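Worksheet: one structure, shown below.
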Amino acid sequence: MHIAFSPTAATAPAILALPVEKDLAGRAGWPGVGEQHQALASAAARAARFDGEAGAIVELFLAEGDGTSHVLLVGVGAGSEADWEKAGGALVAKLLRSGATELTADLSAASPTPKAAARFAAAAAQRAWRYDQYRTTLPEKQKATLASFTIVGAPEGADAAWVDQDALTKGLELTRNLVAAPPNILYPESFVEQVRKDVEGLGLEIVVVDEAEMARHGMGALLGVSQGSVREARILALKWNGAGEGDPSLALVGKGVTFDTGGISLKPGAGMEDMKWDMGGAGAVAGTMKALAGRKAKVNVVGVMGLVENMPDGNAQRPGDVVTSMSGQTIEILNTDAEGRLVLADAITWTQKTFRPKTIIDLATLTGAMIVSLGNEYGGLFANDDALADKLLAAGLATGDKLWRFPLSDTYNKLIDSPIADMKNVGPRGAGSITAAQFIQRYVDAGVQWAHLDIAGMVWSDKPGATYDKGATGYGVKLLDRVIAEHFEG
């Protein structure tokens, strides 16, 4: 969708949206509404019990000469950035497939901050995202028609704030496209090529590690997951040096299992198709790196994605195998469906040896136990540093990518000790998400700040949200971009 900021509308808009703050629905005067219809607009708002709640909409069709003007009153609540975001998404959700092609919003009677106005625009663009390229018989009434959104009367600085939000939105789009892609189209090698093509020209340094090089590094944990698939594994690193030359201060590491059958510990058939999005952590890292490069963030960051496919052929890893990770630590494999932590173990070790970051944040659709704990409302947060955890929690609340912190302790750590190796890849049934985090922590070097985000319930949604429809949500991109902007940029 094309987004434009303009001082005034060039012509009378076909559809006009008017933001209304909470409890101001009965105000005197509606910009863009003819004098003869002012009372009607207020009466319609009262009749619909419209009080300006964020995202609420009242639709009006007003006689104008020989034609009709189309006006939408949209609530922006208390006027926070989050409320304006809900309003922008709600407008597009209503009009995207309505047959309308253009929408204009007049902000002159409202009072958003420049950032709020930019998030209003970004939410509209984000809510318009669809993944229809394989739908060849889509009925006309189900096709998206809304193509442009013009915002007039915005405060000074809104168009400048939009530049950063536009970059964020494009990063979010990359993440959603990756997460939504079918697994016969998206596998480790094609993931690399799609991301390479998508970030071309943005100034990101790209590093790709193939299986031969992984073997030379001793990445037995990651390669153990991959050995049952005809698709070769890859590590993809995107490096952004926005603060000048030098090691990155922050590394983002994502689990990228492009399809997860469970391996020999085969998952049930029902719902297995959902496992195409088991690369959601890697998808979020790719999207975040594109957003950072797009807005020229003044920070050095590397995004590392461990990419594998977990399949159950005759060469697949077996329960009972022992593998040696790049760190030298040995792992007894009790369940081949606990594969994401194996991928992260070697990806984190490689990241530390290659880039020497002071802080690591990893993201993974890691455990079903996290969905049991939190459903689809929060991602799980584990951290070895309270300050880092607090920054992530605050960024989650600010962006809507919410997190809930879980404990780590030596008591949980002992649950993954193995009688024949340094550790086993699963603990007992209880505290499954915590023991998975304890496993990953064993691969974090001393002195490195680390946080692990288990986002199993968040990368895909069966119901629409404020800025997404059913399907890929793009969870993690807004969260990471916010925490980087507030705490890592110089």
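The values are calculated or read from the model by the stated rules, or taken from the named source; none is laboratory data. Keep in mind the model is a prediction, meaning the values are calculated, not measured. Here the Cβ positions follow ideal geometry from the backbone for every residue, glycine too, while neighbour counts run over all protein chains shown. Each accessible area value is taken on the protein alone, full model and side chains, heavy atoms only, with ligands, DNA and RNA left out. Shrake-Rupley method; radii C 1.70, N 1.55, O 1.52, S 1.80 Å.
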> How many residues are open to solvent by less than 10 Å² (accessible area, probe 1.4 Å), under 30 Å from Phe120 (Cα atoms) and not basic (Lys, Arg) when one looks only at region 169-212?
Replying inline: 10
>> With the structure loaded, tell me whether Thr137 is of a type in the set (Ser, Thr, Tyr) and surrounded by fewer than 16 Cβ atoms within 10 Å (Cβ to Cβ) or whether it fails that test.
In response: yes
> Which of the residues belonging to region 368-394 are open to solvent by less than 10 Å² (accessible area, probe 1.4 Å) and either in contact with a Gly (Cβ under 6 Å, 6 or more places away or on another chain) or of a type in the set (S, T, N, Q) (or both)?
Replying inline: Met370
>> So Phe149 ticks every box in (1) in a helix (DSSP H, G or I); (2) open to solvent by less than 40 Å² (accessible area, probe 1.4 Å) but one. Which box is left unticked?
In response: (1)
> Looking only at region 285-313, which residues are open to solvent by 10 Å² or more (accessible area, probe 1.4 Å), within 25 Å of Asp454 (Cβ to Cβ) and outside any strand (DSSP E or B)?
Replying inline: Lys290, Met311, Pro312
> Out of region 257-276, which residues are open to solvent by 50 Å² or more (accessible area, probe 1.4 Å), farther than 22 Å from Leu222 by Cα and part of a loop (DSSP other than H, G, I, E, B)?
Replying inline: Pro268, Gly269, Ala270
> Within region 428-443, can one find any residue that is in a loop (DSSP other than H, G, I, E, B), touching a strand residue (DSSP E or B) at 6+ places or on another chain (Cβ under 6 Å) and either more than 29 Å from Ala161 (Cβ to Cβ) or open to solvent by less than 20 Å² (accessible area, probe 1.4 Å) (or both)?
Replying inline: no
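Here is a yes/no grid of residues against (1) closer than 17 Å to Ser226 by Cα; (2) more than 27 Å from the chain's Cα centre (by Cα); (3) touching a residue at least 40 places away in the same chain (Cβ under 8 Å); (4) not in a loop (DSSP other than H, G, I, E, B):
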site: Asn315; (1), (2), (3), (4): yes, yes, yes, no
site: Pro319; (1), (2), (3), (4): yes, yes, yes, no
site: Ala338; (1), (2), (3), (4): yes, no, yes, no
site: Ala347; (1), (2), (3), (4): yes, no, yes, yes
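Every residue, every condition in (1) closer than 21 Å to Ala116 by Cα; (2) among the polar types (S, T, N, Q), yes or no:
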| position | (1), (2) |
| --- | --- |
| Phe382 | no, no |
| Phe406 | no, no |
| Tyr412 | no, no |
| Asp454 | no, no |
| Thr467 | yes, yes |
| Tyr475 | yes, no |
| Arg482 | yes, no |
| Phe488 | no, no |
